[in-house]
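The values are calculated or read from the model by the stated rules, or taken from the named source; none is laboratory data. Predicted model, so just to flag it, every value in this text is computed and none were measured. So basically every Cβ, Gly included, is an ideal-geometry build from the backbone, and we count neighbours across all protein chains shown. The accessibility values were calculated without ligands, DNA or RNA, using every heavy atom of the protein model including side chains. Shrake-Rupley method; radii C 1.70, N 1.55, O 1.52, S 1.80 Å.
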Amino acid sequence: MKLVDKTKTLGVRTNAETPHDAAQGLKFGAEGIGLFRTEHMFYGSGSEQPLFLLRKMIVSKTEKSENPLLMSYLNLSKRY
Amino acid sequence: MQGHPVTIRLLDPPLHEFVPHDTEKLKELSKELGISLGLLRRRVLALHENNPMLGHRGVRLGISYPEITEMQVRAIFEAAAELINAGKKHCLRS
(Lines give C-alpha, C1' and ligand atoms only; values in the text may rest on other atoms or scores of the structure.)
Protein backbone atom coordinates (compact mmCIF):
# COMPACT_ATOMS: atom_id res chain seq x y z
CA MET A 1 0.00 0.00 0.00
CA LYS A 2 2.91 2.35 0.66
CA LEU A 3 3.83 2.24 -3.02
CA VAL A 4 0.61 3.94 -4.01
CA ASP A 5 0.30 6.39 -1.12
CA LYS A 6 1.88 9.25 -3.08
CA THR A 7 -0.57 9.09 -5.97
CA LYS A 8 -3.71 7.42 -4.68
CA THR A 9 -7.04 9.17 -4.45
CA LEU A 10 -8.84 6.19 -2.95
CA GLY A 11 -8.23 4.69 0.49
CA VAL A 12 -8.53 1.01 1.28
CA ARG A 13 -10.09 -0.57 4.34
CA THR A 14 -10.17 -4.22 5.31
CA ASN A 15 -12.94 -6.68 6.12
CA ALA A 16 -12.34 -8.07 9.58
CA GLU A 17 -14.21 -9.48 12.55
CA THR A 18 -11.39 -10.79 14.71
CA PRO A 19 -8.49 -9.09 16.45
CA HIS A 20 -6.12 -11.14 14.33
CA ASP A 21 -7.66 -10.11 11.03
CA ALA A 22 -7.89 -6.49 12.12
CA ALA A 23 -4.22 -6.41 13.10
CA GLN A 24 -3.21 -8.14 9.90
CA GLY A 25 -5.19 -5.64 7.86
CA LEU A 26 -3.54 -2.73 9.64
CA LYS A 27 -0.14 -4.27 8.99
CA PHE A 28 -0.94 -4.38 5.31
CA GLY A 29 -1.88 -0.72 5.32
CA ALA A 30 -5.66 -0.81 5.75
CA GLU A 31 -7.09 2.53 6.86
CA GLY A 32 -9.90 1.05 8.87
CA ILE A 33 -12.45 -1.73 8.74
CA GLY A 34 -14.80 -1.43 5.79
CA LEU A 35 -17.06 -4.24 6.83
CA PHE A 36 -17.42 -6.01 10.15
CA ARG A 37 -20.02 -8.69 9.60
CA THR A 38 -21.52 -9.44 12.98
CA GLU A 39 -22.91 -12.77 11.77
CA HIS A 40 -19.33 -14.08 11.52
CA MET A 41 -19.28 -14.60 15.25
CA PHE A 42 -21.72 -17.45 14.60
CA TYR A 43 -19.55 -19.20 12.01
CA GLY A 44 -16.17 -20.90 12.21
CA SER A 45 -14.01 -21.66 15.20
CA GLY A 46 -15.16 -20.47 18.60
CA SER A 47 -18.72 -20.07 17.39
CA GLU A 48 -20.29 -22.98 19.26
CA GLN A 49 -21.39 -21.04 22.30
CA PRO A 50 -22.69 -17.90 20.55
CA LEU A 51 -24.45 -20.03 17.95
CA PHE A 52 -26.08 -22.13 20.65
CA LEU A 53 -27.37 -19.02 22.41
CA LEU A 54 -28.65 -17.59 19.14
CA ARG A 55 -30.45 -20.81 18.26
CA LYS A 56 -31.99 -20.89 21.70
CA MET A 57 -33.29 -17.38 21.14
CA ILE A 58 -34.60 -18.17 17.66
CA VAL A 59 -36.63 -21.16 18.75
CA SER A 60 -37.83 -19.99 22.09
CA LYS A 61 -40.67 -17.63 22.85
CA THR A 62 -38.97 -15.90 25.74
CA GLU A 63 -36.85 -12.85 25.19
CA LYS A 64 -33.37 -11.84 26.00
CA SER A 65 -32.31 -13.28 29.33
CA GLU A 66 -29.31 -15.23 28.07
CA ASN A 67 -28.33 -12.83 25.42
CA PRO A 68 -26.26 -10.09 26.98
CA LEU A 69 -23.58 -12.77 27.23
CA LEU A 70 -23.92 -13.43 23.52
CA MET A 71 -23.10 -9.91 22.62
CA SER A 72 -20.14 -9.63 24.94
CA TYR A 73 -18.39 -11.77 22.34
CA LEU A 74 -18.99 -8.95 19.92
CA ASN A 75 -17.24 -6.65 22.38
CA LEU A 76 -14.00 -8.56 22.22
CA SER A 77 -13.50 -7.92 18.56
CA LYS A 78 -14.02 -4.24 18.92
CA ARG A 79 -11.00 -3.58 21.08
CA TYR A 80 -8.70 -3.82 18.11
CA MET B 1 -8.33 -0.05 15.29
CA GLN B 2 -6.08 2.71 16.51
CA GLY B 3 -8.59 5.43 15.81
CA HIS B 4 -9.42 4.26 12.29
CA PRO B 5 -13.04 4.01 11.20
CA VAL B 6 -14.92 0.75 11.62
CA THR B 7 -18.17 0.02 9.80
CA ILE B 8 -20.20 -2.61 11.62
CA ARG B 9 -23.09 -4.37 9.95
CA LEU B 10 -25.71 -5.61 12.38
CA LEU B 11 -27.14 -9.09 12.00
CA ASP B 12 -27.96 -9.53 8.33
CA PRO B 13 -28.69 -13.14 7.35
CA PRO B 14 -32.21 -14.52 7.60
CA LEU B 15 -32.58 -16.53 10.80
CA HIS B 16 -33.05 -19.84 9.00
CA GLU B 17 -29.35 -19.70 8.10
CA PHE B 18 -28.45 -20.25 11.74
CA VAL B 19 -30.46 -23.39 12.29
CA PRO B 20 -29.73 -26.84 10.84
CA HIS B 21 -32.25 -28.43 8.47
CA ASP B 22 -31.21 -32.06 8.36
CA THR B 23 -32.82 -34.50 10.78
CA GLU B 24 -29.68 -35.62 12.57
CA LYS B 25 -28.57 -32.11 13.41
CA LEU B 26 -32.11 -31.12 14.39
CA LYS B 27 -32.31 -34.06 16.78
CA GLU B 28 -29.03 -33.01 18.34
CA LEU B 29 -30.18 -29.44 18.65
CA SER B 30 -33.56 -30.36 20.15
CA LYS B 31 -31.74 -32.32 22.86
CA GLU B 32 -29.34 -29.48 23.57
CA LEU B 33 -32.17 -27.00 23.83
CA GLY B 34 -34.34 -29.36 25.85
CA ILE B 35 -37.33 -29.14 23.51
CA SER B 36 -39.13 -31.76 21.43
CA LEU B 37 -38.01 -32.44 17.89
CA GLY B 38 -41.52 -31.68 16.68
CA LEU B 39 -41.54 -28.25 18.25
CA LEU B 40 -38.09 -27.49 16.86
CA ARG B 41 -39.16 -28.55 13.39
CA ARG B 42 -42.24 -26.37 13.54
CA ARG B 43 -40.19 -23.36 14.60
CA VAL B 44 -37.64 -23.98 11.86
CA LEU B 45 -40.36 -24.42 9.26
CA ALA B 46 -41.93 -21.15 10.38
CA LEU B 47 -38.73 -19.45 9.26
CA HIS B 48 -39.08 -20.66 5.69
CA GLU B 49 -39.24 -18.02 2.95
CA ASN B 50 -39.59 -18.37 -0.81
CA ASN B 51 -36.94 -15.71 -1.41
CA PRO B 52 -34.90 -15.14 1.73
CA MET B 53 -32.43 -12.96 -0.16
CA LEU B 54 -35.06 -10.25 -0.44
CA GLY B 55 -36.97 -11.21 2.66
CA HIS B 56 -36.80 -11.19 6.42
CA ARG B 57 -33.21 -10.10 7.04
CA GLY B 58 -31.12 -7.05 7.81
CA VAL B 59 -33.05 -4.00 9.01
CA ARG B 60 -36.37 -5.79 8.55
CA LEU B 61 -35.18 -8.51 10.90
CA GLY B 62 -34.11 -5.82 13.33
CA ILE B 63 -37.61 -4.33 13.27
CA SER B 64 -39.24 -7.69 13.95
CA TYR B 65 -36.69 -8.56 16.62
CA PRO B 66 -35.79 -5.23 18.19
CA GLU B 67 -34.08 -7.10 21.00
CA ILE B 68 -31.40 -8.22 18.54
CA THR B 69 -30.77 -4.70 17.35
CA GLU B 70 -30.79 -3.36 20.89
CA MET B 71 -28.38 -6.02 22.05
CA GLN B 72 -25.91 -5.43 19.23
CA VAL B 73 -26.02 -1.66 19.50
CA ARG B 74 -25.55 -1.90 23.26
CA ALA B 75 -22.51 -4.12 22.72
CA ILE B 76 -21.03 -1.62 20.28
CA PHE B 77 -21.50 1.31 22.65
CA GLU B 78 -20.19 -0.63 25.63
CA ALA B 79 -17.08 -1.64 23.71
CA ALA B 80 -16.55 1.94 22.57
CA ALA B 81 -17.01 3.20 26.14
CA GLU B 82 -14.40 0.72 27.37
CA LEU B 83 -11.95 1.98 24.79
CA ILE B 84 -12.60 5.61 25.70
CA ASN B 85 -12.18 4.85 29.40
CA ALA B 86 -8.93 3.07 28.65
CA GLY B 87 -7.71 6.16 26.86
CA LYS B 88 -7.54 4.51 23.46
CA LYS B 89 -7.66 6.48 20.22
CA HIS B 90 -11.07 6.63 18.55
CA CYS B 91 -12.97 8.49 15.85
CA LEU B 92 -16.55 8.04 16.98
CA ARG B 93 -19.21 9.27 14.62
CA SER B 94 -22.63 7.95 13.65
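Report note on the peptides A:18-27, B:45-54: ranked by the mean count of other C-beta atoms within 10 Å, highest first, their order is A:18-27, B:45-54.
From largest accessible area down, sort B:V19, B:V59; use a 1.4 Å probe on the protein chains.
Numbers: B:V19 10, B:V59 115 Å².
Descending accessible area places them as B:V59, B:V19.
Beyond 29 Å, what percent of the Cα pairs of the protein assembly as shown remain?
Values: 4507 of 15051 pairs.
Distances greater than 29 Å cover 30 percent of the Cα pairs.
Sum -39500 (n - 2.57) across every DSSP H segment of at least 4 residues in the protein assembly as shown, then divide by the residue count to get the 222 nm mean residue ellipticity, nearest 500. Present the calculation step by step, with values, prior to reporting the outcome.
Details: 7 runs with 81 residues, N = 174.
Mean residue ellipticity at 222 nm (helix-derived): -14500 deg cm²/dmol.
For every other residue with a beta carbon closer than 12 angstrom to the beta carbon of B:L26, add +1 if it is Lys or Arg and -1 if Asp or Glu, then tell me the sum. Around B:L26, the charge tally is +3.
Nothing charged except the Cβ atoms of Lys and Arg (+1) and of Asp and Glu (-1): what's the magnitude of the dipole of chain B about its Cα centre? Round to the nearest 20 debye.
Details: 13 positive and 11 negative charges, 29 e Å.
The dipole magnitude comes to about 140 debye.
Legend: mean number of C-beta atoms from other chains within 10 angstrom of residue C-beta atoms, peptide A:34-42, equals 5.
Å³ per residue of the Cα convex hull, for the stretch A:1-46?
Details: hull volume 3.0 nm³, N = 46.
Cα-based convex hull of the stretch A:1-46, divided per residue, equals 65 Å³.
Classify the stretch B:15-63 as rounded, prolate or oblate, taking a ≥ b ≥ c as the square roots of the eigenvalues of its Cα gyration tensor: rounded when a/c is under 1.5, otherwise prolate if a/b is larger than b/c and oblate if not. Don't jump to the answer; show the numbers that get you there.
Numbers: a/c = 2.62, a/b = 2.15, b/c = 1.22.
Prolate is the answer for the stretch B:15-63, as a/c is 1.5 or above and a/b outweighs b/c.
With an a/c value of 1.5 or above and a/b not larger than b/c for the gyration tensor axes a ≥ b ≥ c computed over the alpha-carbon atoms, the stretch B:30-94 is described as oblate.
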